[in-house]
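Nothing in this text is a laboratory measurement; each read-out follows from the coordinates by a stated rule. Being a predicted model, the structure only gives us computed values, none of them experimental. In this analysis, Cβ positions are derived from the backbone assuming ideal geometry, glycine residues included, and neighbour counts consider all displayed protein chains.
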Amino acid sequence: MLLPPPPTSADALELSEWLELLSLARESGSSSAADLESLLNGPGDDLAAHDGDQDEQDEELELRIQEVFNELDSRSQWGGDGYPFEIDANNVLRLRDSTPRFVCVAYLLSLLISFLKRFKEDAVKDVFPAYDQIEDLFQVCGTIAAAGYVHGSSISFGFPRLEVAPFYEKLQAVSELMGDGAPLLSWKVGASPSPKDAGVDIIAWRECPDRLPGQMYLLGQCATGKTWQTKTPPSDYDNFHEYYWSQYPHSPLISATLIPFDLRDSVIIGKHKTIEEAYFWERWRLTKDFGVVLDRFRLAHYYAAGLARTLSTDTKIEGRRRLHDVRSWVLNAMNYLRKENSTDAA
């Protein structure tokens, strides 16, 4: 897939994402303010782009470029150790490492998923068969991110599970690890006769020192499709507790939804005074239906924290063994981008 340049009217969010992708699509692993300047100035023969007071145009261009690099600075702060790019004093954005470190793969996977989701699925699968692995690999990263969020343990429960086990067997194992509730051991009237994951991709918790009920408890869903807002996590979690537990955990439930996208992409200013205000209230609205939404930047931040916790002997965190698969996928996707966009000189 070719990396199309955004329109000159694009905002700082779209331009920032373009620079990040441009860095991935180049052997140099970098992009810069010069790329923005070339894009925003338009073709040399575009008279309309050069019409008007030159000083005013130069000032406007400088302001727009600064907005983009301010946005990139914010992304770096939000993603923390999980953000894979660095920005130097000359406004050059570059990958920190030519071969991405494990701590950065959640952000890169999310960025590449967001890019691929712009195209029709069949078209992407024809040229990049590894596209089919997106959901499984994102769940790997999401499981580790959930551990970072609760500062505790995290199990990948979504089907197909990382540790192959039948539904009721896996649920029993999770309950024993948590030390909370009592799951059913077999089918109950009203439940699916062959449950896969009952709408639960991740189960995470932070136990107390006494290891007794009454702890931080999270259920999460991973969503890599653009229609993720059609999901119904609260209903799914109610059914999960009603039909698959004889005594479900009474620890207060934290509902979470994990997505690879920039949540701001779908926000419009509407009747709000600023886009920042619109974003605040959109997150407020989504929290009621989807719980804590971990979008790309939150995901990268908590994934990095969770990855550090995988070295702890006091927690159970699934997913680390598959991080080589995640990084291989990211490298293959980067190489594919570079091959498709090889005429683009850095």
Inter-probe distance in nm under a simple model that places probes 7 Å from Cα toward Cβ, at Asp81 and Thr230: 3.9 nm
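Grab the alpha carbons of the chain, take their convex hull, and tell me the volume per residue in Å³.
Details: hull volume 53.7 nm³, N = 346.
Taking the convex hull of the Cα positions in the chain, it is 155 Å³ per residue.
Can you give the Rg to Rh ratio for the range 71-128, taking only C-alpha atoms and Rh from Kirkwood? Write out the running numbers ahead of the final one.
Working: Rg = 13.7 Å, Rh = 12.9 Å.
Expressed as Rg/Rh, it is 1.07.
Please give the direction-averaged projected area of the C-alpha convex hull for the range 132-325, in square nanometres with one decimal. Numbers along the way, then the final one.
Values: hull surface 46.9 nm².
Averaging across all directions leaves 11.7 nm² for the Cα convex hull.
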Rg [Å, one decimal], Dmax [Å, integer] - the range 17-132, C-alpha atoms: 16.9, 51
Gain on full stretching of the segment that runs from Tyr168 to Ser194 - 0.36 nm per residue minus C-alpha separation: 8.4 nm
Rounded if a/c under 1.5, otherwise prolate or oblate - the range 236-346, Cα gyration tensor axes: oblate
Sorted peptide list for 276-284, 98-106, 172-180, 153-161, criterion being average Cβ within 10 angstrom, highest first: 153-161, 98-106, 172-180, 276-284
Shape call, the range 90-200: gyration tensor on alpha carbons, a/c limit 1.5: oblate
Computed lengthening from Glu62 to Asp126, 0.36 nm per intervening residue step minus Cα-Cα distance: 18.9 nm
With Cα atoms, 0 to 90° folded angle of helix 12-24 axis to the chain main axis: 90 degrees
Loop-resident sites, the range 168-255, for chymotrypsin sites (Phe, Trp or Tyr not before Pro), counting at most 16 other Cβ within 10 Å (DSSP): Trp187
Two-site label geometry, Arg211 and Phe159: point separation in nm, points 7 Å out along Cα→Cβ: 3.2 nm
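Listing Glu17, Glu86 from the residue with the fewest other Cβ atoms within 10 Å to the one with the most, what is the order?
Working: Glu17 22, Glu86 14.
Least to most surrounded, the residues fall as Glu86, Glu17.
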Placed amide H near Lys316: partners under 5 Å, 5+ positions off or other chain: Ser153, Ser154
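Where the only charges are on Cβ atoms (+1 Lys, Arg; -1 Asp, Glu), what is the dipole of the range 12-98 about its Cα centre, to the nearest 20 debye? Working shown, then result.
Working: 5 positive and 23 negative charges, 128 e Å.
For the range 12-98, the charge dipole is close to 620 debye.
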Kirkwood hydrodynamic radius (C-alpha pairs) into Stokes-Einstein, the range 263-309, 10 °C and 1.306 mPa s, D in µm²/s: 133 µm²/s
The chain - share of DSSP beta bridges that are antiparallel (%, nearest 5): 65 percent
Integer Hz, Karplus 6.51/-1.76/1.60 couplings in order for the range 315-329, x for Gly and Pro: 10, 10, 10, 8, x, 4, 5, 9, 5, 4, 5, 5, 5, 4, 4
Sequence-distant residues sharing a close amide H with Trp245 (under 5 Å, placed H): Leu184
Cβ charges +1 (Lys, Arg) and -1 (Asp, Glu), total dipole of the range 223-312, debye: 240 debye
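Among Thr230, Thr313, rank each residue by its count of other Cβ atoms within 10 Å, from fewest to most, as a rough exposure measure.
On the way: Thr230 8, Thr313 5.
With the sparsest Cβ surroundings first, the list reads Thr313, Thr230.
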Estimated distance in nm for a label pair at Gln54 and Glu277, the labels positioned 7 Å out from Cα along Cα-to-Cβ: 4.0 nm
